[in-house]
Amino acid sequence: MIPTPSSDSTEQAVSIAPVRRDAPGSVKEFNCVIAAATPESGSADRTDADTAALQAEVNNWAVRNATRDSAPPVVYVAPTKASIAEALEAGVTEYLPWELLAQSPTTVLKRAITATEVQPTPDYRTIYDNVSEPLTLHDPQTGELIHANRRLCELLKYDRAELISMQVGDYTASIDGYDQAAAMEVITSATESGTVGPIEWPLETADGEHVWVEATLTTVTIDGQKLVLSTATDVTDRRRQRRQFREISTHIDEVVYLARADLSEVLFINEAYADLFDQSVERLYDDPMAVLDAVHSDDREAYCSDLISMSEHIREEESGPYTFSHRLCVDGETRWVEVRGYPSRGPGGAVDRIVGVIRDVTDARRREREYEQIFNGVTTAIAVHDPDTGELVDVNDSYVKLFGYDYDTILQQGINDLSVPEEGYTDERARRLITDVGETEEDEIVEWRIETAEGDHPLIEANLTVATVGGQRRVLSLMRDITEQKRREREYEQIFNGVNDAIAIFDPQTVSFVSVNDSYHEHVGCDDLERIREFGIEGLSATEDGYTADRGKELIRTVARSGEPKIIEWKLAPPGEEQSWIEVTLATAEIGGEQRVLSIQRDITERKRREREFEQIFNGVTDVIGIYDPQTAELFDVNDTMCELLGYDRDTIVEMDPEEVTATGLGFDADMIGEIVRDVAESGDPVKDITWALRTANGEVVWLEVNATLTEIGGEQRVVTIARDVTGRRDREERVQVLNRVLRHNVRNDMDAVLGYTAAIEETAEDETVQGYAENVHDIANSLLELSGKARAASQMLQDNDRPENRRVGTVLESIVSDLRDSHDEATIQLYSAEAPTPADTAVFRLVLSELVENAVEHGGDSPEVEIETTQSTASDETRITVRDDEPGIPDRVLTPFRANTESPFQHNHGIGLWLVNWGVRQLGGGIEFERPADGGTAVHLSLPNVLR
C-alpha cells in the first residue's frame, strides 16, 4: 500500500504494507492499492491448483475494491491473461504483468505513484493499451475488430486504424485450418461459453512474417456493451524451441519428458518411452501414473516415493536436478532405469515444469558389477591413488598377490615400504609421478623396483593413467612384472644381432630408423647408427631407379596402418658400396612396449642375376613356352617365341580366352588345357608329346607337340608347357604318306602288270633280241617291286607302335640267322657269341639284321661268306653286333651317303636297304658304323643299349 504523499516531490516516501484481503474497508487510508498475485505468493509445497486458486482470490479482491466508490486507484499485477477481463470491466486504474514486478519493482512503484497523482475517469482503452501483451476486442456477432492495443499494433507492424479496419482472417497466416471462418468459430464459442483457450493462432505481420500467439478469449461487458476480449502471448520462440525439442527428442534413444511440476500432467514424452516401458505414450498422457504398470512390483512403492520427492525437490527455491533409479519388469525381463528431472522455470522465474530424461542403465549397472569382477579378476596388479596426494586408496587381488601382503597391510605400509628406496624408488618420487599425471592427465609409463613380503626385488612396469572410479577422479597404476621380459630382451638383443638377415626397425610415426642389427651394419657398410639415420632411406637406396624415400616411407606407413605384412624387392645403393638387390619383409611388431615396423632384408642380388638369365633363356629359345597357375590353370606368362608364332603381344595372349586361339574347328577343346594343367599339378607327373593345334592372328593353323611339367619359378609352384612347332614336320609326314601310298599301291600294281606282259612277251616272242629286252624289263620290274616292299617295310617301321614286342637280341639273332640260311643257301652265314642281353623291338631288329645280311650276301660274290658276332661293352653298357662279308663287299658309292648321314644330288644311294638299317638302328636307340677292313669286304658295327630307351 502507498500512503498519501506528503508533497508533490517525485522523491516521495513510499511504504509498502500488506493488507488483509477479507477487509476491503481497510484500504481507504491509502492513495493507491497494488493487487499482486505472483508465483512467489505460494509456498514451495503448494500445487499448481493451489497457485491458481490463490491467483483467482487476488483477482476477485482487486475487482471488488476497484468497484467501490471510495476505493483508491487499483494497480493490478497478475500472471494470467484471462484475469484481466474482469479487471478491465471493474475499472482498475492500470494493469501490469507480474514479470515487471519480478524484474523491476521500482518501475511498478513509480507507476503506482503516477496513478495517485492522475486519476482521470477510467477508460478501458487507456488501461489495456498499457498492457504488455497483445489485446483485441471483438463484436461477438460479427467478429469485427472493435479495438486493438498498442502491443498488437507493434507486433503486427500496422497502425491502429489500419488494423481495426481488417478482419481477423486478414492478418491470419495462410496455414490450413486458420482463416476468418475458423476465427469466427472461436469467437462464437467464447460468446456462448464465456471463455475459450488458451489456443495457438498464427498471425502474419505487415511485412509477411509469421508470428504465433497463444490467446485466451473471454466475454466482457464494457460501457454496457458485451464484447469478446482476446488476450494473447507471443509464443513464436516457444513454438520453435518446442519444435526443436521434439525433433531432437525423437532422434535420441533416451526417454525425454516434460511434465508439470506437481507431476499432475505429462505435457510431452518421446516415442523412446514406448520402446523402454512397452507402453504407448498416449496412455501416459491420459494417466501419468500408468508408468507404474511397468515398474517392478517390488519397487513400485519406492518409485512413487521418489516421484513425490523429485516433485518437491524441483519446486524448491534453489533446486537442482534430481535423480533416482529403479527396476522395470517388461515382458518378463528386468531392466534398470535412471530417472532424472530438471527444474523448468516459467516467465516469472518460478518452477512450473519438470523436464528430464529416463535412461536404461541396465548395461551400466552390469558394467559396474563387471568392473568389480574385472578389477579383482585380472592378472594385472592395479593400485588406485588419490590424484592430489598420491596416497594409496585401493588395490586389487592381483596387487595383493604380487606383493605377498594382505590388503590392510598394503594400505597401511604405503608406497615407500613397498619399494626399494636405496635404488632411487622412493615415496617422494612415486607421489610426484602420480600427482603430475593427475594434473596433466597424460599417461606415464615407468619402471619401478618393488620389495615383496619375501624380500624379493622384482622389476615392474607401471602405467599411470587417470580414471573415474566410483564417481571419483583417481590415478590408476597398472603394474606388470617385467623381470622375465627384461631377461628376454637381453636374449632378443643377442638373437637380433646374431641372425644373418639384415634387420632395421622403424618408428611408424616418424618413419625413421630406431635400430639396426649387426648384419644390417655390415650390409650397408656403415657401423654407425647415427650415420645411417642421417643417410635415411633416400641415402641408402637407388633413388635414380625409382627407389625413393617417399616410396619407402609410404610402404612403411601402409604396413603400420593395416597391420598386414608386405614383401617387396628393393634396390640398395649405400655410399661407397656396390648396388645390390634385397627382398624386404615389412611387418609390425611390438618392441619394448612400442609399436614398430620391422624391415627384414635378404640379399637377392644373385637371384636377380639368375632371373635375368632366366628371362634371356625364356625369351631366347625357339620352343614355345607358357606358364600357368597350377590351381586355376590361369595363364601367367608366355615367351617371345609364342608371341611371334601367334602374332599377338604378351598381354593380349595372357588376357585372351583360350577358345580364341585354339583350333576348335579341328576338334580341339580349349577346356582340355585347364584339365592338363590341373592333372600335372595334382599328380606332379609330367605329360609329354601332346599334339595340339592353335590358330594365329592371321587365321593360320600351327601344330605343336607339347610337354607339361610342374616346377618352381620365383619361389612359386607353376605348371610350364614347352612346345615345339611341328607344323613343317606334319606337312612332310603327310607328303611322305601320300608318296608311300602311291609307291605301295600304284607302283606295285603297275609293276605286276609289267611282269605279266614281259612273261607273255618272253613266251611268245621268236626274236631273241626281243626276248632279251623282255628279260631285262622283267628284272627291272622285280627290282622295283622289291624296292616298293622295302619302302612299305620302312613306313611300317617308322610308324609309332604303342605296344612293340621286345625280346633279347641274342634270342632273336638265332631265329633270324636260321631264316636267312634257308633263303640264301648259296651263302655261308656264321653266328658267334649269340648271348646278348640287350632288349629290342623284335620286328625292327629283324628288319635291320636281315637287310644287313642280304646286303652282305648281295655284295659278297658267287659264294659269299657272312659272319655275325656279338660282344659286350661294360664301359658304355651296350651290346656291339658286327656283320662282316668277304670280297668284294658293299661299294663305296653305296656307303658314302651314310658316312655323311645325308643324301645330296651328287651323293645318293640307289637303293633303300641301308636307309632302312640306318632308320631302324636309330629307332632302337643305337648307332651304326661302316668299316672297310684292309683284307677286303665290309664290316658293319651296330651298338644297341642294354636298357630300353
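How big is the stretch 589-679 by Rg and Dmax over its Cα atoms, in Å?
Rg, Dmax (Cα atoms, Å): 19.9, 69.
Could you give the dipole magnitude of the stretch 662-774 about its Cα centre, charging the beta-carbon of Lys and Arg +1 and that of Asp and Glu -1, in debye to the nearest 20?
Numbers: 12 positive and 22 negative charges, 109 e Å.
In total the dipole reaches around 520 debye.
Using a 1.4 Å probe, what is the accessible area per residue for the stretch 535-694, in Å²? Can you show the working numbers first?
On the way: 8860 Å² over 160 residues.
Dividing the accessible area of the stretch 535-694 by its residue count gives 55 Å².
First select every other residue whose beta carbon is under 9 angstrom from the beta carbon of Arg650; then total the charges, Lys and Arg +1, Asp and Glu -1. Write out the running numbers ahead of the final one.
Values: positive: none; negative: Asp637, Asp640, Asp649, Asp651.
Once positives and negatives cancel, what remains is -4.
Would you tell me the accessible area of Ile146, worked out with a 1.4 angstrom probe on the heavy atoms of the protein chains, in Å² to the nearest 10?
Counting only protein heavy atoms, Ile146 exposes about 50 Å² to solvent.
So who's got an amide H within less than 5 Å of the one on Ser512, skipping anything under 5 residues away but keeping other chains? H placed 1.01 Å off N, in plane.
Those lying under 5 Å, H to H, from Ser512 are Asp507.
Can you give me the Kirkwood hydrodynamic radius for the stretch 202-248, using every pair of distinct Cα atoms, in Å to one decimal? Show your work: numbers first, answer last.
Details: mean 1/r = 0.0780 Å⁻¹.
Kirkwood hydrodynamic radius for the stretch 202-248: 12.8 Å.
Mind checking the dipole of the stretch 391-496: about its Cα centre, +1 per Lys or Arg Cβ, -1 per Asp or Glu Cβ, Debye to the nearest 20? Display every interim value, and only then the final one.
On the way: 12 positive and 26 negative charges, 36 e Å.
In debye, rounded to 20, the stretch 391-496 gives about 180.
5 Å is the cut-off here: which amide hydrogens, built 1.01 Å from N in the peptide plane, fall below it relative to Asp262, excluding neighbours closer than 5 in sequence?
Residues meeting the criterion, in which the H sits 1.01 Å from N, are Asp48.
What are the ³J(HN,Hα) values, in whole Hz, obtained from phi via the Karplus relation 6.51 cos²θ - 1.76 cosθ + 1.60 with θ = phi - 60°, for each residue of the stretch 517-526 in sequence order, with x given for Gly and Pro?
Rounded to whole hertz, the list is 8, 4, 5, 5, 3, 5, 5, 8, x, 9.
Once a ≥ b ≥ c are taken as the square roots of the eigenvalues of the Cα gyration tensor of the stretch 463-508, is the result rounded (a/c under 1.5), prolate (a/b larger than b/c) or oblate (a/b not larger than b/c)?
Values: a/c = 7.94, a/b = 2.56, b/c = 3.10.
Judged from the Cα gyration tensor, the stretch 463-508 comes out oblate (a/c at least 1.5, b/c at or above a/b).
Keeping all protein chains in place, calculate the accessible area per residue for the stretch 145-290 (probe 1.4 angstrom), answer in Å². Intermediate results must be reported in sequence, preceding the final value.
On the way: 7370 Å² over 146 residues.
Per residue, the stretch 145-290 has an accessible area of 50 Å².
So for Trp336, Trp448, what's the accessible-area order with a 1.4 Å probe, most first?
Details: Trp336 65, Trp448 20 Å².
So, going from the largest accessible area down, we get Trp336, Trp448.
May I ask you to list the aspartates and glutamates whose Cα is less than 16 Å away from that of Lys688, ignoring any residue fewer than eight positions away on the same chain?
Lys688 reaches Asp623, Glu675, Asp679, Glu705, Asp725, Asp800, Asp802.
Rank these by accessible area, largest first, 1.4 Å probe: Asp507, Asp456.
Asp456, Asp507
Of all accessible surface on the stretch 254-369 at a 1.4 Å probe, what whole percent is carbon and sulfur?
Working: 2530 of 5810 Å².
About 43 percent, which is the carbon plus sulfur part of the accessible surface.
So if I take the alpha carbon set of the stretch 162-254, get Rg, then get Rh from the Kirkwood formula, what is the Rg over Rh ratio? Could the numbers behind the result be given before it?
Numbers: Rg = 16.0 Å, Rh = 14.9 Å.
Radius of gyration over Kirkwood radius for the stretch 162-254 works out to 1.07.
Quick query: amide H of Asp886 versus all other amide H atoms, modeled in the peptide plane; which residues come in under 5 Å with a sequence gap of 5 or more or a different chain?
Residues meeting the amide H criterion: Glu865.
Counting only heavy atoms of protein chains, what accessible area per residue, in Å², does the stretch 375-430 have with a probe of 1.4 Å?
Details: 2760 Å² over 56 residues.
For the stretch 375-430, the per-residue accessible area is 49 Å².
On the protein heavy atoms, probe 1.4 angstrom, tell me the percent of accessible surface of the stretch 603-749 carried by carbon and sulfur. Before the final figure, lay out each step's value.
Values: 4110 of 8790 Å².
Ligands and nucleic acids excluded, carbon and sulfur give 47 percent.
Just the accessible area for Glu489, please: 1.4 Å probe, Å², rounded to the nearest 10?
Its heavy atoms expose roughly 60 Å² to the probe.
Quick check: the distance between the Cα centres of the stretch 128-170 and the stretch 588-665, to the nearest angstrom?
About 92 Å separates the Cα centre of the stretch 128-170 from the one of the stretch 588-665.
Per-residue accessible area for Trp915 at 1.4 Å probe radius, Å² rounded to 10?
The accessible area of Trp915 comes to roughly 30 Å².
So, with a 1.4 angstrom probe, what is the percent of accessible area on the stretch 394-435 that is carbon and sulfur? Show your work: numbers first, answer last.
Values: 960 of 2230 Å².
The computed percentage sits at 43.
The values are calculated or read from the model by the stated rules, or taken from the named source; none is laboratory data. Just so it is clear, the model here is predicted, and its values are computed rather than measured. With ideal geometry, Cβ positions are generated from the backbone for all residues, glycine too; neighbour counts draw on all protein chains shown. Surface accessibility is based on the protein's heavy atoms, side chains included, excluding ligands, DNA and RNA. Shrake-Rupley method; radii C 1.70, N 1.55, O 1.52, S 1.80 Å.
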